[in-house]
Structure formats: structure tokens, C-alpha cells
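Shown next, in C-alpha cells, is the structure this report addresses.
The values are calculated or read from the model by the stated rules, or taken from the named source; none is laboratory data. All values derive from a computational prediction rather than experimental measurement. Glycine also receives a Cβ, built like all others from the backbone with ideal geometry; neighbour counts cover every protein chain displayed.
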Amino acid sequence: MRKYIFVLLFILAVAIALLRVSFAGEGGNVSERIYRNDSAGNVVALSFDDGPDPKYTVPILNILSDNSARATFFVVGSAAEKHPEIVFDIIKNGHEVANHTWSHPEMNNISNDQLMAEVNSTNTLINRLTGNQNTFFRPPKGIIKPESFKMLSDAGFITILWSIGIENSKAATPELMAQRVLENIKPGDIILLHDGRLDRTKTVQALPILLKGLKQKGYRAITVGELLRSKNTK
């Protein structure tokens, strides 16, 4: 009897896990942080944090357009409020806008109520500017307390992190930045880049190198939302 109970519990656990993966693929609320999509084919998601900033976001949009690539921009609410025209351009060019808090706070130094206010303010602005109902959230620096994560998950937000970043202390030049990603890339990866707050000149310079390399490896660059819905058909 105990053996049968164990088998039934195992089957139930597997069924729940499959449902959760399916739900995540449809963009629904999940109780896990998303780093990548293991079931995707030869696609990767480009994601940009900390913008919009005219100095970096505008040339990035031009590079993406030249390479037929799409991306998700995790915007800081205060920057998006200052540059709504760039948010309009992001959407017009087929990209995705998501939530990166209002002021980019130090996540360990704010309360859950303060975080919720930051996220809600940014989401209200995103939804108004884009006409879409955003559910994606990325915490600054990828830092989020367990209780904060649960609060946001309960509120319907999906926490999106990343599997590899282009900015790295071991990669001092745009060429090395792109090369490091290309040497480690896997199907379904979420790539972290930045388009604001600090000097992102090297990131802008590395982007066309990265996109050319991805194309040579047979990858398409898409949004996070598209990646979560992607299935390997091979």
C-alpha cells in the first residue's frame, strides 16, 4: 500500500510540474523565477535593463532593426516617464516593455510595501504607454527577498532573471563581451544587457557583433514573452 501511495504522489508531483511549465509558457503567474526556457528551440531572448536612455536605447533600437532582432526592455519607471517617446518607439518596432521598478532602489533596503508601490507605479505607466497589460518584472541586480518574490507572484507578476549577461569584468572590450556570450550560449537562454544608468557605450558596440554571431550559430533573437511561448519542434 505504501508503495502505491508513493507512486501516486510521484505521478501527482510530475503532473503539477508539467502544468506549471505549461502555465509559464502562456505567460501566466508562476511561483518560480524564470532564467531560461529549456523547451525552446534555437531561439534566445535579448533583455535590456535600466533604460530608456536616448544615448543608448535609440542606437540599440536601430541595431536591432538592422538585424531583424527583437528584445524585451525592462524599463525604470522614472526614466520611461521622462522619455515616453522612446517607449512608443520600442513598441512600434515590435519589442516588449516590462517592469524594472520606478527608481531602481537597493532591493535589500526597501520594504515589501515600498517595492509594491514601485512596481505598481511603473506598471501603471507601462500599461498606459503601451496599451498592453504587463506581467513581467525584473528586480534590480536580480536581487529579491523570498517574501517580496511571493508577494509579487501572488499579485500576478512573473519574475524574469537571466542565464547569461554581456557585461562582465572578464570581458574588457565589445569584442570580448560578445565572444563570451557566444561561447556559452544555449537554446532558450535569456541574455542580460543594459541601456541606461551607467556608461553603456561598450554594450552598444558589442550588440551588432553579438547579433551577427547568434545568426551564424543559427539562433533567432526574440522577446522574453516569445521565448516563454517557444517550443522545440524538432
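See the values below:
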read-out	value
Given (1) closer than 25 Å to ASN62 by Cα; (2) assigned to a helix (DSSP H, G or I), index of the condition TRP162 fails	(2)
Complete set of residues in segment 126-141 that are assigned to a helix (DSSP H, G or I), touching a residue at least 24 places away in the same chain (Cβ under 8 Å) and either over 14 Å from the mean Cα position of the chain (by Cα) or on the phi < 0 side of the Ramachandran plot (or both)	ILE126, LEU129, THR130, PRO140
Within segment 142-157, considering residues that are outside any loop (DSSP other than H, G, I, E, B) and in contact with a helix residue (DSSP H, G or I) (Cβ under 7 Å, 6 or more places away or on another chain), the one farthest from HIS83 (Cα to Cα)	GLU147
Within segment 116-125, considering residues that are in contact (Cβ under 8 Å) with a residue 40 or more places away in the chain and among the polar types (S, T, N, Q), the one surrounded by the fewest Cβ atoms within 10 Å (Cβ to Cβ)	SER121
Single unsatisfied condition, LEU210 versus (1) farther than 14 Å from GLY41 by Cα; (2) in contact with a strand residue (DSSP E or B) (Cβ under 7 Å, 6 or more places away or on another chain)	(2)
Condition check for LYS141: out of contact with any Lys or Arg (no Cβ under 6 Å at 6 or more places or on another chain), of a type in the set (Lys, Arg) and exposed (fewer than 13 other Cβ atoms within 10 Å of the Cβ)	yes
Criterion violated by ARG138 - all others in (1) in contact with a Pro (Cβ under 9 Å, 6 or more places away or on another chain); (2) among the charged types (D, E, K, R); (3) within 20 Å of THR223 (Cβ to Cβ) satisfied	(1)
Count of residues meeting criterion [outside any helix (DSSP H, G or I) and not aliphatic (A, V, I, L, M)] in segment 62-94	9
Answer residue from segment 101-115, given it is without any contact (Cβ under 8 Å) to a residue 24 or more places away in the chain and assigned to a loop (DSSP other than H, G, I, E, B) and is surrounded by the most Cβ atoms within 10 Å (Cβ to Cβ) among those	ILE110
Some residue of segment 183-197 being touching a residue at least 24 places away in the same chain (Cβ under 8 Å) and in a helix (DSSP H, G or I)	no
Residues of segment 177-234 that turn out to be surrounded by 15 or more Cβ atoms within 10 Å (Cβ to Cβ), farther than 23 Å from ILE158 by Cα and among the acidic types (Asp, Glu), as a count	0
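Rundown of residues vs (1) surrounded by fewer than 20 Cβ atoms within 10 Å (Cβ to Cβ); (2) among the charged types (D, E, K, R); (3) at pLDDT 95 or above; (4) in contact with a helix residue (DSSP H, G or I) (Cβ under 9 Å, 6 or more places away or on another chain), yes/no style:
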site	(1), (2), (3), (4)
PHE10	yes, no, no, no
LEU19	yes, no, no, no
GLY27	yes, no, no, yes
ASP66	yes, yes, yes, yes
PHE73	no, no, yes, yes
ALA80	no, no, yes, yes
